1. Restricting to region 130-155, count the residues that are away from the ligand (no atom under 13 Å from the Cβ) and surrounded by 20 or more Cβ atoms within 10 Å (Cβ to Cβ).
2. Restricting to region 334-377, give me the number of residues that are in a loop (DSSP other than H, G, I, E, B), modelled with pLDDT of 95 or more and of a type in the set (A, V, I, L, M).
3. Of all residues in region 18-46, count the ones that are hydrophobic (A, V, I, L, M, F, W, C) and over 28 Å from Ile73 (Cα atoms).
4. Looking at this structure, is Val70 hydrophobic (A, V, I, L, M, F, W, C), within 23 Å of Leu233 (Cα to Cα) and in a strand (DSSP E or B)?
5. Name the residue that is farthest from Leu174 (Cα to Cα), counting only residues in region 224-242 that are of a type in the set (Asp, Glu) and either within 14 Å of the ligand (Cβ to nearest atom) or in contact (Cβ under 8 Å) with a residue 40 or more places away in the chain (or both).
6. Could you list, in sequence order, the residues of region 103-131 that are part of a helix (DSSP H, G or I) and β-branched (Val, Ile, Thr)?
7. For region 194-223, name all the residues that are without any contact (Cβ under 8 Å) to a residue 40 or more places away in the chain and either crowded, with 24+ Cβ neighbours inside 10 Å or within 10 Å of the ligand (Cβ to nearest atom) (or both).
8. Output yes when any residue across region 107-116 is hydrophobic (A, V, I, L, M, F, W, C), in the same structural domain as Ser157 (by TED's automatic domain parsing), more than 11 Å from the ligand (Cβ to nearest atom) and surrounded by 14 or more Cβ atoms within 10 Å (Cβ to Cβ), and no when none is.
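The values are calculated or read from the model by the stated rules, or taken from the named source; none is laboratory data. Small disclaimer: the values here were computed from a predicted structure and weren't measured. A quick note on method: Cβ atoms are made from the backbone with ideal geometry, for glycine too, and the neighbour counts reach across all protein chains shown.
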Amino acid sequence: MSERLSTQLIHADDYKNRVPDVVSPINVTTTFRFNEDPNKLVAVADLPKDYDPEGDYIYSRETHPNCEKVEAIFDKILGGYSVVYSSGLGAFNGLITHFNPKQVAFGTCYHGVHAILDIQTRNHGLKQLSLSDEDLDKLQPGDLVHIETPVNPLGISYDLKYYAEKAHSKGALLSVDATFAPPPLQDPFKFGADIIMHSATKYFGGHSDLLAGVLVVKTKEIKRALFDDRINLGSIIGNLESYLLLRSLRSYDLRILKQSSNVLKVVTFLNENKHRFKSLTKIHHSSLQTEPYVKEQLPNGYGPVFAINLDNEITAKTFPSKLKYFQHATSLGGVESLVEWRALSDEHVEKTLLRFSIGTEDPQDLIEDLDQALSSL
Ligand SMILES: *Cc1c(COP(=O)(O)O)cnc(C)c1O
């Protein structure tokens, strides 16, 4: 019997309980005593080829108990073999280091992902391609197509099946940054992804108090290779953060479903009332896209980030100060709603763009707040 999401979040790591505590303790130790039985001490050089380090704690840069508990939950809810990192970008760096593509095709995506690819180009001559058909035709076996969907900062969706077919027809792989629509909203493996990445700092953490990232792959062998690289890149999640993430995951489904239902109400309100707000020139969100693939990819709700354009830069800069419940800050995914004049974080966006991250407040309060602020312009 395979349990469902809410149950997985609370019980998928039960088999990793080490003590009677209902809440797993924070393990601050960096080092673990070796076995006292000399017969159980095996020299590294003599380890069998298929040796599995899971559950064998030696030094916390390799793995530690709450990291493995978080991975046990991610394996279930993301449907593959997961490796957890110290941040979302730590995860992307692990991906690029292991798969080591000569060319990467990508479109709009998180600015830090661009920056990592720029480092690869600077150091190793990695070739960067766009998502145009002409560029996708240049892909070679071992190359990577990297798609973020829904995409930062607009919250609109790309057609995963299309890019999966393009990548696979050339022997390239498809990685998907699914941070903006975690389960049960979207499952990129169903649409041909080979690797899924999330910044767990966002919805999985959910409280704006931890950094973490995760890669999910389809085989135990690739997981092991990523794990081995992670040891030497020094990019494992911290002890405290893994405890916090575990705590957050227990109630994750309640938050994401509320945030997703809230965003639909808020965006629908804005769209139906846009004639009343003369400064509001554009609204961007997957829920406003009409292409059939959008609903197929997001069968259980839309991602809680959307964006708007106002009619000029000064209005956009002052707008956050007119809102009562939306704090002006970057990042997303937490229980508190945020707004960001996006040009503060991303050099590639229009200076009239505001990005919203919807939290778990009452949707009517959020709507009334946006209504009064937009009406005042
Ligand atoms: C935040 C974010 C990242 C980077 O994650 P960190 O945990 O901040 O390193 C990557 N991709 C997307 C879509 C993000 O929103």
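1. Total satisfying the criteria: 5.
2. Selection size over region 334-377: 2.
3. First, pick out the residues of region 18-46 that are hydrophobic (A, V, I, L, M, F, W, C): 19, 22-23, 26, 28, 32, 34, 41-45.
Now restrict to residues that are over 28 Å from Ile73 (Cα atoms): 41-45.
Total meeting the criteria: 5.
4. Working: hydrophobic (A, V, I, L, M, F, W, C): yes; within 23 Å of Leu233 (Cα to Cα): yes; in a strand (DSSP E or B): no.
No, not satisfied.
5. As a first pass, look at region 224-242 and keep what is of a type in the set (Asp, Glu): 228-229, 241.
Filter again for either within 14 Å of the ligand (Cβ to nearest atom) or in contact (Cβ under 8 Å) with a residue 40 or more places away in the chain (or both), leaving 229, 241.
Values: Asp229: 20, Glu241: 29 Å.
Top of the filtered list is Glu241.
6. Val113, Ile116, Ile119, Thr121 - these are the residues of region 103-131 that are part of a helix (DSSP H, G or I) and β-branched (Val, Ile, Thr).
7. Leu210
8. No, there is no match, as no residue in region 107-116 is hydrophobic (A, V, I, L, M, F, W, C), in the same structural domain as Ser157 (by TED's automatic domain parsing), more than 11 Å from the ligand (Cβ to nearest atom) and surrounded by 14 or more Cβ atoms within 10 Å (Cβ to Cβ).
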